[in-house]
Amino acid sequence: MSLDVLVCIDGHPRSHLLLDAALRKMPASGAEWRLLYLERPDEDVGNTMRQERIMRLLRRAEAAGATIVHLDGGKSTNAILDYIQACFAADEEIEHIFIGQHTRSGLAATLTRSTADKLARRFGRKAQVTIVPLDGVMSKPSLLSRLHTGTFTWEHFVAPFAAVGLAYLAAEGLRSMLPMIMHRINTHNIALIFLLACVMVSLRYGLLPALVSSVLSFLVINYYYTVPIEQFYMGTLTDIINVAIFLSAAIVVSVMGGHVRASVDSARMKERRSRALYDIHQMTSGADSAHQVLEILDREVHKLFGMEVGFFLPTTETGADLVVTSVAGAEDARFFAYPSDAELNERDKLALKKCWEQGQTAGFGSLLGIGSSWRFEVMSTGNKKYGVFGVKIPMRARLDAAFGQLLTSLTDHVAATLERVELMNDMSDSRFREEREKLRSMLLSSVSHDLKTPLASIIGSISVLRSLRASGRISDEQEDTLTETALDEAQRLDSFITNILSMTRIESGEIEFARNPHDPMEPVGTVLKALKSRLKGREVMVDNQVEGIRVEMDVMMTTQVLQNIVDNAAKYSPDGAPITITLKQTSAGFCYRVRDTGAGIPDDMLQKVFDKYERLNKSDSQVAGTGLGLAIAKSVMQAQGGDVTAGNHKDGGAVFTLSFPASQTLVAEAAQ
């Protein structure tokens, strides 16, 4: 595998010259190149301006197509040389290497080779090495910046005093256990005890508490263990030298321990960021709306950075939207801000507008919108721009060079998640429309057939009746037969239309159920009268076991439900087969039971028979109907606080049970 160009930079203020030189000598478009950034241990301490400059440089390289690689380490020579050697060992043939030559002077320049010289001598035969002189020196963090190691809590204040106090107790314990002569011989061990306390504080709490513990240790040793005892006095040159050596050693150890602590904090921060990115991915993967995605990201990103974050989504609506200053001749760009309390000044708004219009990073650490305290990243995929993601950078924020790349990764994840949610909603809507269209087609097909059949029978019967009457050849028996046929088909047609209208009203919520106490025999009588012609030739047995009770029900809707059930019993049982209607009071309340003597219901269909249009899925069905009757029965009974169930009788046939709860079953006074 060939790697055309490798550019090696660090935090030098003129590192942009390396990038400029590499871009001028870049091969044809599409070449693969890499920018190697060496992050020194002290670069994330203070010096926010340098971090912003490095973020701009890395962003520029990314925009030019470079792959960014971060190297951690204190010895730049070894880190860079080892990485390049690893590239060659992995068969990555590097054609061109750019590296900067820092300004060097003094004895170190005479006795040691620079990193650029070592790289040229070691890899000059394998790749073309271009050394770019970098004038000036790298600015280092000030002492105050080094002392700032994060949030200073009460533990940082108490720790030095507690550590020195424990060291004093240990020293006094040692003195009490040893004879006086042995204690005088081992006075140097006292200094080591206090030095150990300084090391522990520096490793646990950082540089500033360690320096405080060093000064406290010096004062305690001088007061309690240097002659004259219990006085701050250094009477001899030996005392001065001893105390100076201890104080110097304590300060050096504190500084080194503070740097170790800073490195540990930096490693933990990177681990925490990686874990947070994984957690954010896991939490947003199950989100099913853009609002839910933004809510999760607002909470988790704020927790990750400890900074104010904001998501700005474009909108054409007015009102509480954020209005961004527009360019001359263009309409105002309006954004819906989430959270709604995100505040931007005029510079921030200008940076946001540039980020949205140009599709590039703007604000802090970028070349667009300089002066803004916000860093804006456009949330976009290959298909669409969804908005802008922003993070407000505090004035004394401690950033590292990977901060910009982390924001870019987060932004890409947000855009991908919003795209997934949008596609998922589109697919859901598409499936809903497809299913609705399918049901509509099935319903129209069934209705056209089931309405056409009774209409044809009615038209045929009336036409024959009219023709026979005109010719004077009709008998009374023929007239009764034709009119009865027309009436039966008209009733069947009315039942179809009633079911369709009822289901439409139920689903739209237009029906209001009026539950009042009624004699449960009232719906039975109405149904038998309405279906008189349909039930002709059948024996309908009514077993009334509930004399003297009232049931709270909507009598009109209950009558329609019972009519659908009895009509189904007639459809699915042989001609002339009996139907039994039982009215019974149980411990659970009251119920109607309608039993036919047909073939029954398959076990796997006992619940499906209540689904809408279930019969429409059976192309081989010989029974006319839309399949809405039982679905209406289920909806009506549940709306009244009851239920309807289906089962098979042990002696054959299906049994449908309409049940009302005990709370709706009332015992009426016995009729006098």
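Heavy atoms only, 1.4 Å probe, whole protein assembly: order 572, 278, 338 by accessible area, highest first. Could the numbers behind the result be given before it?
Details: 572 100, 278 135, 338 40 Å².
If we order 572, 278, 338 from most to least accessible, we get 278, 572, 338.
Once phi is turned into ³J(HN,Hα) by the Karplus curve 6.51 cos²θ - 1.76 cosθ + 1.60 with θ = phi - 60°, what whole-Hz value does each residue of region 61-71 show in order, with x for glycine and proline?
Running phi through 6.51 cos²θ - 1.76 cosθ + 1.60 with θ = phi - 60° gives 5, 4, 5, 8, x, 7, 9, 8, 10, 9, 10 Hz.
Work through the residues other than residue 104 whose Cβ is under 11 Å from its Cβ and net out their charges, Lys, Arg +1 and Asp, Glu -1. Walk me through the intermediate numbers first.
Working: positive: 113; negative: 117.
Within the 11 Å Cβ shell, the charges total 0.
Could you report the accessible area of residue 556 in Å², rounded to 10, computed with a 1.4 Å probe on the protein chains as they sit in the structure?
130 Å²
Please find the FRET efficiency linking residue 604 to residue 650, where r is the Cβ-Cβ separation and R0 is fixed at 22 Å, and quote it to the nearest 0.05.
Working from the Cβ atoms, E equals 0.70.
Please sort by residue number the trypsin sites (Lys or Arg not before Pro) in region 524-600 whose DSSP state is loop and whose Cβ has at most 15 other Cβ atoms within 10 Å.
532, 536
Could you report the accessible area of residue 596 in Å², rounded to 10, computed with a 1.4 Å probe on the protein chains as they sit in the structure?
For residue 596, the solvent-accessible surface is approximately 10 Å².
Solvent-accessible area of residue 193, probe 1.4 Å, all protein chains present, reported in Å² to the nearest ten, please.
For residue 193, solvent-accessible area is about 40 Å².
The values are calculated or read from the model by the stated rules, or taken from the named source; none is laboratory data. Just so you know, these numbers come straight off a predicted model, no measurement behind them. So basically every Cβ, Gly included, is an ideal-geometry build from the backbone, and we count neighbours across all protein chains shown. Ligands, DNA and RNA are excluded from the accessible area calculation, which covers all protein heavy atoms including side chains. Shrake-Rupley method; radii C 1.70, N 1.55, O 1.52, S 1.80 Å.
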